[in-house]
Amino acid sequence: MAIRSSSSLLRLKSPLSLLLPRGDAFLYLFALLSIFSLLLHHLTPAAAQPHFEGFDADEDDDFALGEPKSEEFIRSSPPPITLSTSTPESHHGPPDTDPSQIQSPPSDQNPKPASFDYWDEDEFEGIPPTEPITETTAAAAAAASESDPVPSSEDSVNDLNSDAKVPWKITSFTVEIACVSFLIVFAINYFTGKKENENLALAWASKFATKDSIFDKNFSLLGVGETDDSPLLLQEGKSVFKFYASGRRYCSGLLATMELKSRHDLISRLYNMVVPCKDEITFEVYMNDDSMDQVVFAMARKKMAKTMQKELRDLQRFAGLVNPPNGRKWVADELQVVSESKEVATDLITDAVLDQVFGDKAFEKFGKGFISMHLSDQQPGSSKKMLIFKFALPDKNNMADMTRLVALVPYYIDLIGRYKLSSHARSKTEAARAKVAQELYKELQYARQDALQKKKAEQRKKLEEAEAKLSAEALRKKEAKDRSRQMKKAMPKMKMTKAH
């Protein structure tokens, strides 16, 4: 029999092995069975019954076996349970009970006494002492339940709708209102500021560049084109305008650049309120090479003149501050002259200029817009010989205030074109220029030597890097070639002659 049973097990083993899961499938099946058993355990009525502390396992077994209980124990009821706060004596809360499972005591008018002669208060932790339920407490509980009904789902939906219909306030959109207001103000300022700059530039052009004006009388061609219909001004930005004139003796042309305030930019406008600046116009006159002698001259307000003498290269090399000469009228006390020699300064500051603009009385009235003037034959750039005038622009309604300042431009073109240095002043200027030219030549030589040394150092570094990459045999061959080359150089040179 043992042999037969074993053979039958062997025969049944093969079909069962096909049905049983293997590997991960077995683990998944085991997990599903565990979850299913846990769900059944929680859904059974026995598991749903509350468990109170104090019952021993023996008592549970007695209840399960169904031992007969006295009728008095069955009919007796425990003391009523009421909600109360936890006391420091116990750390457990009251047991969770279902209100549906709590049955009201029987309405016997003469109930029999309970079978428990002794009630142990420590047996149930967290249960407050019994208090008789009176009619007043029951009426108060009923009134509270009527006054505070449980809100239904419809009431909650109505509350949500009422919250959605709450009227909005302006203060809740403060940031958005501020941003939109800033953008609106920025856009308005952009167009208004742009228009203001255009009106200012057109006001200057209509005063000094139209028919029978100063530039029309002194130049044959005005504007950027060659025809009469060509525009007078060329706008290169929202605050930059240019005017060109040509066709005059002693010079090849004139370029006026108006650099106005950035009125179209709101931030720049606010900045200019704190740090004020002026609308400026700069006249650049390109003199002919044979029409300007060796002249380096500048004049500005005292603080600006010192700055120009330190920063501008031609003034730094050739010119210096000129003190007022004795026994002669001179410029206003607010101005400072920077010149290559005192002779040049006295020749260029004529009595007519002092009476019109640069004198004490005239400067107070007509020189408010004067910033600086710079006349030099050593200007940096392609055009060496240039006259530069810089003035401040008044309002568009007061363009006539700078008439005398604008008249200085053609006046100094003619004055510089006709001016010739004396032999003594020319010798000094030529010596100074020769010295500067020699210094420049030395600087160029030093720069070339530095460039050659850097180039040699780079080549040497490349050769060293290439030698480091070579093998030992290649290094040996290279050293042999260098040694043979040095030996050939060290050998005396011999000249071969034919014997007769």
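The values are calculated or read from the model by the stated rules, or taken from the named source; none is laboratory data. The structure displayed is predicted, hence computed values, not measured ones. Neighbour counts run over all protein chains shown; Cβ positions are idealised from the backbone, glycine included.
Mind listing whichever residues of the range 324-339 are touching a helix residue (DSSP H, G or I) at 6+ places or on another chain (Cβ under 8 Å) and either among the charged types (D, E, K, R) or modelled with pLDDT under 90 (or both)? Steps first, please.
Taking the range 324-339 as the starting set, the residues that turn out to be touching a helix residue (DSSP H, G or I) at 6+ places or on another chain (Cβ under 8 Å) are 325, 328-339.
Answer for the range 324-339, where residues must be touching a helix residue (DSSP H, G or I) at 6+ places or on another chain (Cβ under 8 Å) and either among the charged types (D, E, K, R) or modelled with pLDDT under 90 (or both): Pro325, Arg328, Lys329, Asp333, Glu334.
Which of the residues that make up the range 175-191 are under 23 Å from Asn397 (Cα atoms) and surrounded by 13 or more Cβ atoms within 10 Å (Cβ to Cβ)?
Of everything in the range 175-191, those that are under 23 Å from Asn397 (Cα atoms) and surrounded by 13 or more Cβ atoms within 10 Å (Cβ to Cβ) turn out to be Asn189, Tyr190.
Just for the range 380-431: of the residues that are of a type in the set (Val, Ile, Thr) and in a helix (DSSP H, G or I), which one is nearest to Phe366 (Cα to Cα)?
Of the range 380-431, the ones of a type in the set (Val, Ile, Thr) are 388, 403, 406, 409, 413, 416, 429.
Cutting the leftovers down to in a helix (DSSP H, G or I) gives us 403, 406, 409, 413, 416, 429.
Details: Thr403: 9, Val406: 11, Val409: 15, Ile413: 20, Ile416: 23, Thr429: 34 Å.
Here the residue is Thr403.
Each row is one residue, and each column tells you yes or no for (1) within 17 Å of Met373 (Cα to Cα); (2) part of a loop (DSSP other than H, G, I, E, B).
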position	(1), (2)
Asn326	no, yes
Lys329	no, yes
Val337	yes, no
Thr346	yes, no
Val357	yes, no
Lys361	no, no
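Could you grab me the full set of residues in the range 226-244 that are touching a residue at least 40 places away in the same chain (Cβ under 8 Å) and in a strand (DSSP E or B)? Can you show your working first?
At the first step, the residues of the range 226-244 found to be touching a residue at least 40 places away in the same chain (Cβ under 8 Å) are 238-239, 241.
Phe241 - this is the single residue of the range 226-244 that is touching a residue at least 40 places away in the same chain (Cβ under 8 Å) and in a strand (DSSP E or B).
Rundown of residues vs (1) closer than 19 Å to Leu200 by Cβ; (2) crowded, with 16+ Cβ neighbours inside 10 Å, yes/no style:
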residue	(1), (2)
Leu260	yes, yes
Val275	no, no
Tyr286	no, yes
Phe297	no, yes
Lys306	no, no
Lys310	no, no
Trp330	no, yes
Asp333	no, no
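Which is in a helix (DSSP H, G or I), farther than 30 Å from Leu260 by Cα and either touching a residue at least 60 places away in the same chain (Cβ under 8 Å) or more than 56 Å from the chain's Cα centre (by Cα) (or both), of Glu465, Glu473?
Numbers: Glu465 fails: either touching a residue at least 60 places away in the same chain (Cβ under 8 Å) or more than 56 Å from the chain's Cα centre (by Cα) (or both).
Of the residues listed, the single one that is in a helix (DSSP H, G or I), farther than 30 Å from Leu260 by Cα and either touching a residue at least 60 places away in the same chain (Cβ under 8 Å) or more than 56 Å from the chain's Cα centre (by Cα) (or both) is Glu473.
Under 6 Å between Cβ atoms, which residue pairs at least 6 apart in sequence (or on different chains) link something in the range 340-360 that is within 15 Å of Leu405 (Cα to Cα) with a partner that is at pLDDT 90 or above and basic (Lys, Arg)?
Gln356/Arg404; Val357/Arg404
So that you can scan it fast, the table gives a plain yes or no per residue for (1) under 14 Å from Leu335 (Cα atoms); (2) polar (S, T, N, Q); (3) at pLDDT below 95; (4) touching a strand residue (DSSP E or B) at 6+ places or on another chain (Cβ under 7 Å):
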residue: Lys361; (1), (2), (3), (4): yes, no, yes, no
residue: Lys368; (1), (2), (3), (4): yes, no, yes, no
residue: Phe389; (1), (2), (3), (4): no, no, no, yes
residue: Met399; (1), (2), (3), (4): no, no, yes, no
residue: Arg404; (1), (2), (3), (4): no, no, yes, no
residue: Ser422; (1), (2), (3), (4): no, yes, yes, no
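In the range 341-373, which residues are within 23 Å of Arg313 (Cβ to Cβ) and over 48 Å from the mean Cα position of the chain (by Cα)?
So in the range 341-373, the residues within 23 Å of Arg313 (Cβ to Cβ) come out as 341-345, 348, 371-373.
Residues satisfying the conditions are Ser341, Lys342, Glu343, Val344, Ala345, Leu348.
Please give the number of the condition Leu232 fails out of (1) modelled with pLDDT of 90 or more; (2) under 19 Å from Glu259 (Cβ atoms); (3) surrounded by 12 or more Cβ atoms within 10 Å (Cβ to Cβ).
Status for Leu232: all satisfied but (1).
Select, from Gly247, Gly223, the only residue that is in contact (Cβ under 8 Å) with a residue 12 or more places away in the chain and surrounded by 16 or more Cβ atoms within 10 Å (Cβ to Cβ).
Details: Gly247 fails: surrounded by 16 or more Cβ atoms within 10 Å (Cβ to Cβ).
Matching residue, one of Gly247, Gly223: Gly223.
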